[in-house]
Amino acid sequence: MNYCCLNQKIIPEAKAGVSLRDLGLLRGYGVFEVLTAQGDKLFLFQEHFRRLKNSAKKLNLKLPVSEKQLEASTKKLILKNKLEKASIRIVLTGGPSKDGITLGKKPTLFILANKIKGFTKKDYLQGVKLITTEYQREIPRAKISNYIHAIQLQEKGKKEGAIEVLYFHNGLILEASTSNFFIFKKDTLITPKNNILLGTVRNFVIKIAKQKFKVQERDLPFQELKKADEAFLTATIKGILPVTKIDNFKINDGRVGENTKWLMENFKRN
Ligand SMILES: Cc1ncc(COP(=O)(O)O)c(C=O)c1O
């Protein structure tokens, strides 16, 4: 049986229920975090908590728990579900609303814990494909619940053999649907800075990269993709995932580059 934590109570997931008048359900009004854990070691918990708090603030939601309380209930949930390597989803919604549009007094907070379903060895060895689409997420600095565009494009991506969609807007590359995006031009690592979610892994990888490479956080024009020597995605579940094809053009002749390999080798959780 899988357990969840709903409003700070650990209960069987099958028995958990929220109000049908919850703004998360009615309007997609909510924020969330996904993090990983090895045993009771939570990876970058402080960073995830800070971002959750910041996302909540942008939606006028108040987190009903402290960092310590949230960390403790997350660890308790992992233990209850007997998970060795876990993916944790923390969700905060607007909570029940009388008229379906006004924020109520009690936001809903829940935590889900699952086994990590990662990518395959082949994906990391050979790299993956992305397709591009013109889009910018609403409130890009916040991790809001609304992923309508990403979900709509899932089928198209699969048909074209792509694992994710890369967003661009006004001629600039932004981020992928659930990841941040990087390119290498020779030994310079470049990643967008504006109108994106500042990923926890993105920030971690930038720190590692600075030991060996020049790093530029800046606007990345779409045309520059064709000049990229290497490319990769970062995200909590993926870590560093090399990209070898974008739409119909190959990066580095379809091979994973040496600089990306160096980063993958030096990226260690916990
Ligand atoms: C839109 C978007 N950008 C970037 C990321 C990467 O963030 P993180 O490294 O914290 O997982 C995510 C992760 O879910 C995301 O949804």
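The values are calculated or read from the model by the stated rules, or taken from the named source; none is laboratory data. Computed from a predicted model, the values in this text were never measured in an experiment. Cβ: placed from backbone, ideal geometry, glycine included. Neighbour counts: every protein chain shown. Protein only, heavy atoms only, side chains kept; ligands, DNA and RNA dropped before computing areas. Shrake-Rupley method; radii C 1.70, N 1.55, O 1.52, S 1.80 Å.
The figures follow:
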{"item": "For Tyr29, residues with placed amide H under 5 Å, excluding near neighbours", "result": "Gly24, Gly94"}
{"item": "Degrees separating the helix 67-80 axis from the principal Cα axis of the chain, which is the longest one", "result": "90 degrees"}
{"item": "The stretch 121-266: antiparallel DSSP beta bridges as a percent of all, rounded to 5", "result": "60 percent"}
{"item": "Separation in nanometres of the label points that stand 7 Å from Cα toward Cβ, at Tyr147 and Ala72", "result": "3.1 nm"}
{"item": "Residues listed by number, the stretch 159-173, amide nitrogen under 14 Å from Thr120 label point at 7 Å toward C-beta", "result": "161-163"}
{"item": "Protein accessible area in the chain, 1.4 Å probe - carbon and sulfur %", "result": "51 percent"}
{"item": "The chain: angle of helix 200-209 to the longest principal axis, Cα-based, in degrees nearest 10", "result": "30 degrees"}
{"item": "Integer Hz, Karplus 6.51/-1.76/1.60 couplings in order for the stretch 159-173, x for Gly and Pro", "result": "4, 9, x, 9, 9, 7, 10, 9, 8, 10, 8, 6, x, 10, 6"}
{"item": "In nm, spacing of pseudo-spin labels at Gln211 and Leu26 (7 Å Cα→C-beta vector)", "result": "5.1 nm"}
{"item": "Residues with amide H under 5 Å from that of Lys214, placed H, sequence gap 5 or more", "result": "Leu189"}
{"item": "Label-point gap, in nm, between Arg255 and Asp229 - each point 7 angstrom along Cα→Cβ", "result": "1.4 nm"}
{"item": "Long-range HN-HN contacts of Ile173 with modeled amide H, under 5 Å", "result": "Leu220, Phe222"}
{"item": "Which of Glu224, Glu217 is most accessible, then next, and so on - probe 1.4 Å", "result": "Glu217, Glu224"}
{"item": "Candidates Lys210, Lys122, Lys185: whichever shows maximal mean-square fluctuation once the chain is modelled as a Gaussian network with Cα springs under 10 Å", "result": "Lys122"}
{"item": "Accessible surface, the chain, averaged per residue in Å² (probe 1.4 Å)", "result": "54 Å²"}
{"item": "Calculated [θ] (222 nm, deg cm²/dmol) that DSSP helices of n ≥ 4 give over the chain, each run adding -39,500 (n - 2.57)", "result": "-7000 deg cm²/dmol"}
{"item": "Hypothetical label at Asp219: residues of the stretch 183-203 whose amide nitrogen lies under 15 Å (7 Å Cα-Cβ projection)", "result": "191-196"}
{"item": "Coil-residue GluC sites (Glu not before Pro) of the stretch 1-104, DSSP, other Cβ within 10 Å capped at 10", "result": "Glu84"}
{"item": "At most 15 other Cβ within 10 Å, DSSP loop - trypsin sites (Lys or Arg not before Pro), the stretch 1-82", "result": "Arg21, Lys62, Lys82"}
{"item": "Cα gyration tensor shape of the chain, rounded if a/c is under 1.5, else prolate or oblate by comparing a/b with b/c", "result": "prolate"}
